[in-house]
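The values are calculated or read from the model by the stated rules, or taken from the named source; none is laboratory data. No experiment lies behind these values; they were computed from the predicted model shown. Counting neighbours? That spans all protein chains shown, and the Cβs are built from the backbone with ideal geometry, glycine included.
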Amino acid sequence: MPSSSVPLKYERIARALAADIANGVFPIDEPLPSEAALVQRFSASRNTVRQALAALADQGLIVTRPGVGSFVAFQAVEVEDELGWAQAIQQHGVVNRVRLLGITQAPIESLPAEIRATTRTESSHLWLIERVRQVVGDRVISLERSLVPAVPTLGDLPLRGLRDDSILRTLDDAGLAAAEGEQWVEVGQLAAADAEVFGQPAGDTVLVSRCVTHTSEGTLAEYAVSVMDPGFFRLHLTF
């Protein structure tokens with residue numbers, strides 16, 4: 001007899017839940033209904049529901065937190081070079097809010113020694129820009145600390161703030177457009193000083209990105225350190 005093309009019940013449940021996720025019925029980082037509720041909704045056994053949830057997890061649509069439940073996972077978006085990852089994910093609606101924590105003066109010595117040794121800056125001090133990005137539910141997914149030169153065109157930056165909440169656009173306006181740069185990404189642990197911002201325990205695993213950019217004249221444009229929730233970011237390289 002020819003094999004049937006009719007999907008199994010757990011596959012039908014997985015497809016229905018995937019459609020709900022795609023349509024925004026269950027937003028990013030929000031919990032799915034409990035197993036008991038899904039059993040009732042689909043008139044299925046608990047084992048069948050668990051198979052459906054496992055299929056969604058295999059597709060990267062949900063993550064399961066032991067003892068808590070299943071949550072809608074962040075879906076990766078394509079990042080356009082001229083925007084940068086932060087602006088790109090915001091334009092795709094992933095980020096619910098960007099919150100500026102402050103813009104304060106910082107000494108040149110705030111730059112790591114290896115960066116100071118290889119980077120020219122035409123200012124006597126720097127501006128430290130601290131921001132967080134949050135998804136629906138106000139969960140913090142990244143903490144960003146950027147150091148930029150306090151050149152005359154940025155002399156009143158703490159008063160006027162960033163143009164369109166964008167550091168890139170602010171630097172472009174100030175004549176500090178990035179022409180080249182380097183970036184390092186590594187796994188780290190959430191520092192105690194940042195744990196309260198994330199609302200997570202100190203020592204949790206995080207991704208740490210360090211990026212330095214220079215203008216076409218070779219002077220410093222920006223040095224940024226981003227601490228990121230690994231559940232919302234991943235690195236994809238093509239060769």
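List of remarks:
- Sole exception among (1) within 23 Å of LEU101 (Cβ to Cβ); (2) of a type in the set (A, V, I, L, M); (3) not in a loop (DSSP other than H, G, I, E, B) for VAL187, by number: (1)
- When the test is whether a residue is closer than 16 Å to VAL63 by Cα, in contact with a Phe, Trp or Tyr (Cβ under 7 Å, 6 or more places away or on another chain), of a type in the set (Gly, Ala, Ser) and not assigned by TED's automatic domain parsing to the domain that holds GLN134, ALA18 does not pass it.
- When the range 66-76 is filtered for residues that are under 19 Å from the mean Cα position of the chain (by Cα) and at pLDDT below 80, the ones remaining, listed by number, are ALA73, PHE74, GLN75, ALA76.
- Some residue of the range 217-232 being in the same structural domain as ILE115 (by TED's automatic domain parsing), assigned to a loop (DSSP other than H, G, I, E, B) and over 19 Å from the mean Cα position of the chain (by Cα): yes
- Residues that are modelled with pLDDT of 90 or more and touching a helix residue (DSSP H, G or I) at 6+ places or on another chain (Cβ under 9 Å) within the range 124-137 comprise SER124, HIS125, LEU126, TRP127, LEU128, ILE129, ARG131, VAL132, listed in sequence order.
- Count - residues of the range 102-123 that are surrounded by 14 or more Cβ atoms within 10 Å (Cβ to Cβ), farther than 24 Å from GLY218 by Cβ and of a type in the set (Ser, Thr, Tyr): 0
- Only one entry in LEU176, LEU147, LEU168, LEU126 is in the same structural domain as GLY102 (by TED's automatic domain parsing), assigned to a helix (DSSP H, G or I), aliphatic (A, V, I, L, M) and surrounded by 14 or more Cβ atoms within 10 Å (Cβ to Cβ), namely LEU168.
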